[in-house]
Structure formats: C-alpha cells, structure tokens
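Quick note: the coordinates plus some simple rules give every number you see, no bench work behind them. These figures come from a predicted structure and were not determined experimentally. Please note: Cβ atoms are built from the backbone with ideal geometry, for glycine as well, and neighbour counts cover all protein chains shown.
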Amino acid sequence: MEIEDHLFKKGESVSHLSCPKNTVKFAPGQPDTIIIHYTAGKSGESSAKYLCRKKVKASAHIVLDRSGHIYQLVPFDTVTWHAGKSSYEGRSGFNKFSIGIEIDNAGVLEKVGNKYKSWFGKTYPEEEVMQAVHRNESASRFWHTYTEVQIDKTIEMIEALMDRYPTITNILGHEEISKGRKQDPGPAFPLDKVRNGFLESREEELPMSDDYEGIVDVPRLNIREMPSGSADLAAAPLEGGTKLKVLQQHNGWLKVETKIEGWVAGQYVDIK
C-alpha cells in the first residue's frame, strides 16, 4: 500500500472521507503506536460517516469494512480522538501518540435461539461467531468474528505505516490501554500473533560473534519485553556496569541476554 501526503493512495479499495474537526498535528517523534479497535457498529461505511460528524466527540484515522474496503477519515500526521481515557506503561492520553484503526465488527454478542444478537439489534449466524475468554476477563462470551480479508488488510496497513513512519514501534489493542473500560478488538482478532509477527520480522541480525557484548552505561536501565518505551518490563532495571550479551538490534533497541532476555535502549549500552 502506498502513502502519499499522509493518506493511503485513493483507489478501488480506499476511499477518503472529510473529517475537518481534527486539525492538531502530532508532535515531533509521534506517532509511535498503532491502536486496533472494533467499531461495534452496523457497517464500516456507517461507522466511518458517523465518526466524521462534527458533533461526535470521537474519530479515527481508518475504518476498515468487512469487505476489506478502507475508509480514511484523517491524515496520518494529524491527531484523532480514538483512544479516549487511556494509559499504558506510565503514559496516558494515547490520542497524541497513536494512529487509530477501527475494524468493522459487532463485538460482543448475545445468543438468542440459533442466532446471535448485537447490542444494536442485528443478528448474526453461528458461522460468524466464536466463544472465547477476553484477555481482561475470566468467563467466556460470544464474539463476532473478523473476516480473513480484514485481518490481511490490517497487516498490510500496519506494514505500510511502519515503513512510512519509523517512529512506530508498538501495536496495541484498545483493551490494553483502557482496561475495564474497553474490550476491543477482543479475542476474535489475533492481536498477539499480528504484533509478534511484525516485531520478529523486523528484527535485524547483528553481524556478531559469541563475544559480542555490551555494558550498561547508566546507573539503571529498564529491560523490556518488546523494543518500545511503552512495552512491559521484562524484569527489574539493570544496574550500571551489568555485562550483556547483545543478540539483535531493532530501531535503536538492543535485544540482550543477562539472566533473562529482553530489550534495552541502545544509546545506554557501551558495545565492546
């Protein structure tokens, strides 16, 4: 997919809508995150048009229809209102850090006879439903499934965005930045598989031997599970002077091994 002037190139599978209520540009170094949502609406087109309404205090960069059609509402250099009250790993207010992708999906469903009913009254056949436990819950519920083309198109969009905006190093679900308040994209979307696939495919092997090592060059250095400042900590911070075996590098981060493996910011490691 091609991005021109911060928009996916208009074509057969991409439409541009007007959403003039969003005008604030991202700060330098942003965005660094992609947030995945579901719309919980009747269709991709209706959700996209709703989010463009002037009086609606929500918006997003992208709405992805079940057919794979992309509606772009706002350029990627402009802040949208998709995250709401949100926090993750010490940061809050993710609108100002992230690109929002809304995927056409009804979300949680209620079983009624041999059909499954959404909160807005539309029913879905059994072949469009899965039963699963949400990552933030303990009991299983019924969820509207995503189409194969939606998942494939989401992967294509993420790849294009990360290529165009190298500051993007993290992919999160709304459910992760608004725990207890939001549950999208839910267990029907393979968020962990998609996220881990991107991180693994973009890791760069260092031309190194077994004695390629580094030393922590600051008093304390966070070691994280993924190469991002918003990723979960893998362990307690490393003390200054700790010797590290350097395994890989990615966008200024180093995957290192001490007693465990994790990612550290490369500028704080003295490579030997």
- Query: Against the longest principal axis of the chain, how steep is helix 191-201, in degrees 0 to 90 to the nearest 10, with axes from Cα atoms?
  - Reply: 40 degrees
- Query: When all alpha-carbon pairs of segment 205-271 are counted, what percent fall beyond 20 Å?
  - Reply: 14 percent
- Message: With an 8 Å Cα cut-off and a minimum separation of 6 or more residues, compute the relative contact order for the chain in percent.
- Response: 16 percent
- Task: With θ set to phi - 60°, apply the Karplus curve 6.51 cos²θ - 1.76 cosθ + 1.60 along segment 62-72 and write out the HN-Hα couplings as whole Hz, x wherever there is a Gly or Pro.
- Result: 9, 10, 10, 6, 5, 7, x, 6, 9, 10, 9
- Where Lys and Arg each count +1 and Asp and Glu each count -1, what net charge lies around Gly180 among other residues with Cβ under 14 Å from its Cβ? +1
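Rounded to two decimal places and with Rh computed the Kirkwood way over Cα pairs, what is Rg over Rh for the chain? Provide the component values of the computation, followed by the final result.
On the way: Rg = 20.3 Å, Rh = 20.0 Å.
Reported Rg/Rh, Kirkwood definition of Rh: 1.02.
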- Query: Residue by residue, what Karplus-based ³J(HN,Hα) values in Hz, rounded to whole numbers, does segment 256-267 have, using 6.51, -1.76 and 1.60 with θ = phi - 60° and x for Gly and Pro?
  - Reply: 10, 10, 10, 7, 10, 9, x, 10, 10, 5, x, 5
- Query: Can you run phi through the Karplus equation (6.51, -1.76, 1.60; θ = phi - 60°) for segment 173-189 and list ³J(HN,Hα) in whole Hz, with x for Gly and Pro?
  - Reply: x, 4, 4, 8, 9, 9, 4, x, 10, 10, 10, 8, x, x, x, 6, 9
- Task: Compare Thr23, Thr167, Thr258 in a GNM of the chain, Cα atoms joined below 10 Å, and give the one with the largest fluctuation.
- Result: Thr258
- Message: Among Ser98, Ser18, Ser43, which one shows the highest mean-square fluctuation when the chain is modelled as a Gaussian network with alpha-carbon springs under 10 Å?
- Response: Ser18
- Message: For Thr78, what residues show an amide H to amide H distance below 5 Å, using hydrogens built from the backbone and excluding near sequence neighbours?
- Response: Phe26
- Item | Hits among aspartates and glutamates - C-alpha to C-alpha of Lys42 under 14 Å, sequence gap 8 or more where chains match | Asp65, Glu102, Asp104
- Note on the structure: Rounded to whole Å, √(5λ) for the Cα gyration tensor eigenvalues of segment 99-228, largest first, gives 38, 17, 13
- Query: Using alpha carbons only, how many degrees (0 to 90, rounded to 10) separate the axis of helix 148-164 from the longest principal axis of the chain?
  - Reply: 50 degrees
- Amide H neighbours of Leu109 under 5 Å, counting only residues 5+ apart in sequence or on other chains, H built in-plane at 1.01 Å? Phe142, Trp143, His144
